Structure formats: structure tokens, C-alpha cells
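Got a structure for you, questions after.
The values are calculated or read from the model by the stated rules, or taken from the named source; none is laboratory data. Owing to the predicted nature of the structure, the values given are computational and were not obtained by experimental measurement. Reconstructed Cβ throughout: ideal geometry from the backbone, glycine too, with neighbour counts over all protein chains shown.
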Amino acid sequence: MDIKKVAILGGGTAGWLAANHIGKELLKRKGVSVTLIESPDIPPIGVGEGTVPDIRNTLKSFGIREDEFIRQCDATFKQSIKFVNWMDKKKHGEGNFFHHLFDVPSPYDTKHLTQYWLNDKQTTKSHAQFLSSQHAICEAGLAPKNITNAQYEGELAYAYHFNAGKFAQLLACNAKDKFSVSHVHTNVTQVKLANDGTIAALMTNSEGELEFDFYIDCSGFESLLIDKALKVPFVDVSDSLLINSALVVQVPTKEDEDIPPYTLATAHQAGWIWDIALTNRRGVGFVYSNNHMTDEQAHEKLDRYLGASKQDLSYRKIPMRVGYRKKFWHKNCVALGLAQGFLEPLEATSILLTDFSAKFLTLRFPSSTKQLEQLETRFNHAMGYAWERAIDFIKLHYCISDRTDSAFWVANKNDDTTSESLKEKLSLWEEFIPVRDDFFSQFEVFYLENFLFVLYGMNYNTKASACSKAEHEHCLVRLQQRAEIDQYLLNKLPNHRALLDKIKQYGLQTI
């Protein structure tokens, strides 16, 4: 049977990202329709306000102008995640930090500068400072581009922070206007299954029975299709990632306040705090393990973190069920977004995995039901690998920390909480500097440079061999060039807020 009618259940960022990816692809197929069904009564979770640089290619492919995105979504530029107090404060000082930057040199320079840094016992510079001028730009509060740079182009690599609700609205308008996606507001009351276990139809409270050939489950934590209807099991990873709760709040800011061009991630005794600055507010989340801290203690510590800015703000608690579906594709249904799974928001994994999954789905979107079984196997294999590697990368931040000041940090160093795949890599990296060949799959979602910034930002001990004379001289030249580039960019790039104000007023050039 041909697949002619596709349903996406659920809006929010996941639903409308899927609608744009799938709508754009299926617009090429004659007689195929895409319908997004959204409940008028269920608000989206809306905590995912950070992204990674791949999002620029996604937005560009949708035909969304960068300046319009910035205007409509209160967006700011993100060039890094700044990790504060993730190391022992007694050894490294209160406020110790490292940057996970987005801009990196060539693989050759990355390897040899890392080798040089590991052997240079006299340097006071961080590994990130050796590798990228972006460290200096972030610390100076500057933007990654100028008003003269074209849409989605910059002097340095970057992503964004944005208002998740407004982002979903922008994506919704784009999907409907450009890719002919239909939008239905109704509540699904029942899912009808066929005799072969596939989804046959959705029963709704206002639109009657809606029949489709293929279904995308973007219904969030409810997982109405993949879980409630199809009973696909959930793989719990709370034995590895110990975070399971968050208190979230939106903090108004003044129009003249500086905007950090990075996500701030400040560790505490039982987790960490995200602090994301938009043009008109901050999104703050106190993330913690309720096995190591009570809700009351978390509330008090968030009060203390916000200080006078907490005013009369009320916090919203979000319980986190950490893990993923055993199968992401089952019969004629694919889960995306929170319906697929959830990991703590440490490295913007939610939007990253949603975008990654939706792109992969559209590469070979089924045109006939006879293709489903083969495509299901392929999709589940690829996405399972991607999720497992994302879990390893998040776990890395905890298991190599030298913090031992609380039961939470001690528990995270327990061997039983770390996967065999990550332990094997860490054992290898005690003897050898990581190289690109350590990340051999096309389904990696975090790469060599991501691992390097975290490993050596947290002073991981690798027994690096000495540089040859030629390599040593090459590194000296590169470091001199780095210092010159640092100064050039510090003089050239504008203040972050000042650029955002200009973009809102004048827009950006079209490529």
C-alpha cells in the first residue's frame, strides 16, 4: 500500500521541526499530505532553549531568514558552554571554569596543539585558549559575526539561544506556508490499532476519526503512540545519569544588560544550573538528583543563586525520566523529540537528537508499507547508537571530575555508572591523545573536538609523547598566529547585545 497520508501528533519544537523536515521532503511527492495534530489544551514543555551549530544549516534549508528568526524568537548567539565549578574548588578555586567552544582549528593543528599543551608544564593558558580565539571572544562578551556578515555566516562558528515557544510558532508558520503542512487543533482520545498491530486511526474529541498511513509521535513525555498505544518499552538510564529533576524559571532582564554569548552551566553539590540569556529574559534551570538533594534544598539554593533578581518569581518543577525507547520506529510509527526519550539538558541534546533523527528519517522516508520493516531496522540501529553515544558524552562531564565534596559527585565516579564503551575510550585516552579515528560512525552526534574540550578542560591526564622539533616549531608559529587573530577579532567583533540590536533594526545581508 502506498503511503499518502502522514500524521504528526504533537506540536512544540519537536513537532514543528519534524513538520518542516518531512513537509519539505514530501512536497516533492505527488498526492502526499502531511497533517500536524496539536492539542489545544496541553502546553509544550519548552525547556530546550539552547542549540548546536548544525541548527544553522537546518534553518537555512527551511528558507527561514536568520534576521527574522532573531527578531521573532528573542534569539541570541551561543558560541560555547561555560562550565563553572565542575572541578574541585579547593584545588582549582571558587569559580573555576572551562569552555566547550564551537570554533576549532584544523584536525592537524588540533592534535598537535593539544600535544604541545599537554607537554607544556609552564603554561597558564587553558587548552581551549590554545585551540581557539573563541575563548577570548566569549570572555569579552562579543558576538561571533558582524552586521556585514551574510545570513548564517560569521567569523566564528555559533549556534543560538531562543524562546522555545516563539520558535515553535515560527516553525509552524513556515511549515504551513512553504511546505503545505495542514494543522488541526484537537485532542486525541483513543488510538485504534489494526489486526497486524499497526496504527489504523486516531479518535479525537472534535474531528471524529482521523485515518493516516504513517504516524510521527511528537507527543512529548506522554508518548501517546509509541508508548500508550504500541507499548514499546522504555530503556531507563538513571543508573548512569543521576539527574532526575529540574526547577525552571524565567527571569526578566533590563534592556541594557550585557548578554553572555554562551550557556552558563554552574555545578552544585547535586547537579548543575543552566543560565541562558535571551534578549529580554534569562531562562534558568536548577537541575538535580532528588536522591541526593530534597526539593526544598533545591528551592533554597536556586533562591540563593538568583539573589535579588528572584523577586516574586515562581518556579516550575519538571520531573525527568531519563532514558530512551527500546525502538524509535515500530511498524508505521516513528517517535521524535521527548516521545523518543530524554537526557538532561547539559549539551542541548534534546533539540540536537530531534533534528538529527528528523533529518535521518527524511533521507529514506517510506513511500510504501512494504518498505517499513527494512527502514525500521535501519532507523532503530542508527538512532540507538546515537543515543548511547550522547549518554556517554554527558556522563563524561561527571565521571572525570575531581569533585568529591558530596555523595552525588562520588557516586558519579563509580565504575558501575559508566558504560563499557566510555570506559574503554577513557582507558585508551590515558595513553594516547584522542584522534578522529576514535569516532568512526556516521551516527556520532558528538565528535573529537567536543570530547577534547571537555577532557582537557577538566585536566584529564593523558601521557602524551613529546612533540618532534618540527611539530614544536609548527605549534609555536600557530600560537603566535593565534595571539594575532585573538587581537584582530577582539578589535573587529561587536558587543553581543549591540549586534543583536542592529540586526533587529537593519537585518542581515542575503547570501
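Results for (1) modelled with pLDDT under 95; (2) among the polar types (S, T, N, Q); (3) more than 24 Å from the chain's Cα centre (by Cα), shown as yes or no for each residue.
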| residue | (1), (2), (3) |
| --- | --- |
| 406 | no, yes, yes |
| 412 | no, yes, no |
| 431 | no, no, yes |
| 437 | yes, no, no |
| 450 | no, yes, no |
| 463 | yes, no, yes |
| 503 | no, no, yes |
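Follow-up. Is it the case that some residue within region 64-84 is over 30 Å from residue 224 (Cα atoms), in a strand (DSSP E or B) and touching a Pro at 6+ places or on another chain (Cβ under 6 Å)?
Within region 64-84, one or more residues are over 30 Å from residue 224 (Cα atoms), in a strand (DSSP E or B) and touching a Pro at 6+ places or on another chain (Cβ under 6 Å).
On to the next question. When only residues in region 361-393 that are touching a residue at least 60 places away in the same chain (Cβ under 8 Å) and under 18 Å from residue 7 (Cα atoms) count, which is surrounded by the most Cβ atoms within 10 Å (Cβ to Cβ)?
Only one residue fits best here, namely 361.
Something else now. Using the structure shown, decide if residue 462 is surrounded by 16 or more Cβ atoms within 10 Å (Cβ to Cβ), touching a helix residue (DSSP H, G or I) at 6+ places or on another chain (Cβ under 9 Å) and over 18 Å from residue 100 (Cα atoms).
For residue 462, the condition - surrounded by 16 or more Cβ atoms within 10 Å (Cβ to Cβ), touching a helix residue (DSSP H, G or I) at 6+ places or on another chain (Cβ under 9 Å) and over 18 Å from residue 100 (Cα atoms) - is met.
Of everything in region 152-190, what is over 19 Å from residue 61 (Cα atoms), in a loop (DSSP other than H, G, I, E, B) and within 18 Å of the chain's Cα centre (by Cα)? Give them in sequence order.
163
Taking region 269-293 as the search range and keeping residues that are in contact (Cβ under 8 Å) with a residue 24 or more places away in the chain and touching a Lys or Arg at 6+ places or on another chain (Cβ under 7 Å), which one is nearest to residue 241 (Cα to Cα)?
Once the filter is applied, the top-ranked residue is 286.
State whether the residues of region 38-45 include one that is within 30 Å of residue 368 (Cα to Cα) and either within 19 Å of the chain's Cα centre (by Cα) or outside any helix (DSSP H, G or I) (or both).
For region 38-45, residues within 30 Å of residue 368 (Cα to Cα) and either within 19 Å of the chain's Cα centre (by Cα) or outside any helix (DSSP H, G or I) (or both): present.
Looking only at region 72-123, how many residues end up being closer than 15 Å to residue 448 by Cβ, free of Cβ contacts under 8 Å to residues at least 24 places away in the same chain and touching a strand residue (DSSP E or B) at 6+ places or on another chain (Cβ under 8 Å)?
Qualifying residue count, region 72-123: 0.
Additional query: Quick one: which residue in 256, 295 is among the acidic types (Asp, Glu), farther than 24 Å from residue 53 by Cα and at pLDDT 95 or above?
Exactly one residue qualifies, and that residue is 295.
I'd like the full set of residues that are in a loop (DSSP other than H, G, I, E, B) and touching an Asp or Glu at 6+ places or on another chain (Cβ under 7 Å), limited to region 337-373.
Those that are in a loop (DSSP other than H, G, I, E, B) and touching an Asp or Glu at 6+ places or on another chain (Cβ under 7 Å): 365, 367.
For the condition in contact with a Gly (Cβ under 8 Å, 6 or more places away or on another chain) and closer than 30 Å to residue 208 by Cα, what is the one hit in 35, 13?
It is 13.
Something else now. Check off (1) part of a strand (DSSP E or B); (2) over 27 Å from residue 71 (Cα atoms); (3) touching a Leu at 6+ places or on another chain (Cβ under 8 Å) for residue 197 and give me the number that stays unchecked.
Condition (1) is where residue 197 drops out.
Kindly indicate which of 34, 104 is closer than 30 Å to residue 218 by Cα, touching a helix residue (DSSP H, G or I) at 6+ places or on another chain (Cβ under 8 Å) and of a type in the set (Val, Ile, Thr).
34
Would you check if residue 160 is aromatic (Phe, Trp, Tyr), under 20 Å from residue 507 (Cβ atoms), modelled with pLDDT of 95 or more and surrounded by fewer than 22 Cβ atoms within 10 Å (Cβ to Cβ)?
Spelling it out, it is not the case that residue 160 is aromatic (Phe, Trp, Tyr), under 20 Å from residue 507 (Cβ atoms), modelled with pLDDT of 95 or more and surrounded by fewer than 22 Cβ atoms within 10 Å (Cβ to Cβ).
Can you list the strands (runs of 3 or more DSSP E) lying wholly within region 225-309 that have 3 or more residues being closer than 18 Å to residue 162 by Cα?
Strands (runs of 3 or more DSSP E) meeting the threshold: 245-252, 263-268, 271-277, 281-288.
Hey, another quick one. In this structure, is residue 468 in contact with a helix residue (DSSP H, G or I) (Cβ under 8 Å, 6 or more places away or on another chain), surrounded by fewer than 12 Cβ atoms within 10 Å (Cβ to Cβ) and of a type in the set (Ser, Thr, Tyr)?
No.
On to the next question. Does region 200-215 hold any residues that are part of a strand (DSSP E or B) and among the small types (Gly, Ala, Ser), and which are they?
Result: 200, 201.
Sticking with this structure for a sec: Would you call residue 4 basic (Lys, Arg), in contact with an Asp or Glu (Cβ under 8 Å, 6 or more places away or on another chain) and farther than 18 Å from residue 336 by Cβ?
It is true that residue 4 is basic (Lys, Arg), in contact with an Asp or Glu (Cβ under 8 Å, 6 or more places away or on another chain) and farther than 18 Å from residue 336 by Cβ.
Let me ask something additional. If residue 302 satisfies all but one of (1) modelled with pLDDT of 95 or more; (2) buried (at least 23 other Cβ atoms within 10 Å of the Cβ), what's the number of the condition it fails?
(2)
Which condition from (1) modelled with pLDDT of 95 or more; (2) under 21 Å from the mean Cα position of the chain (by Cα); (3) within 30 Å of residue 332 (Cα to Cα) is the one that residue 375 breaks?
Only one criterion in (1) modelled with pLDDT of 95 or more; (2) under 21 Å from the mean Cα position of the chain (by Cα); (3) within 30 Å of residue 332 (Cα to Cα) is unmet by residue 375, namely (2).
Taking the stated definitions as given, is residue 129 in a helix (DSSP H, G or I), surrounded by fewer than 23 Cβ atoms within 10 Å (Cβ to Cβ) and not hydrophobic (A, V, I, L, M, F, W, C)?
Against the criterion (in a helix (DSSP H, G or I), surrounded by fewer than 23 Cβ atoms within 10 Å (Cβ to Cβ) and not hydrophobic (A, V, I, L, M, F, W, C)), residue 129 qualifies.
How many residues does region 452-489 hold that are within 20 Å of residue 82 (Cα to Cα) and either without any contact (Cβ under 8 Å) to a residue 12 or more places away in the chain or touching a Leu at 6+ places or on another chain (Cβ under 7 Å) (or both)?
Final tally of qualifying residues: 2.
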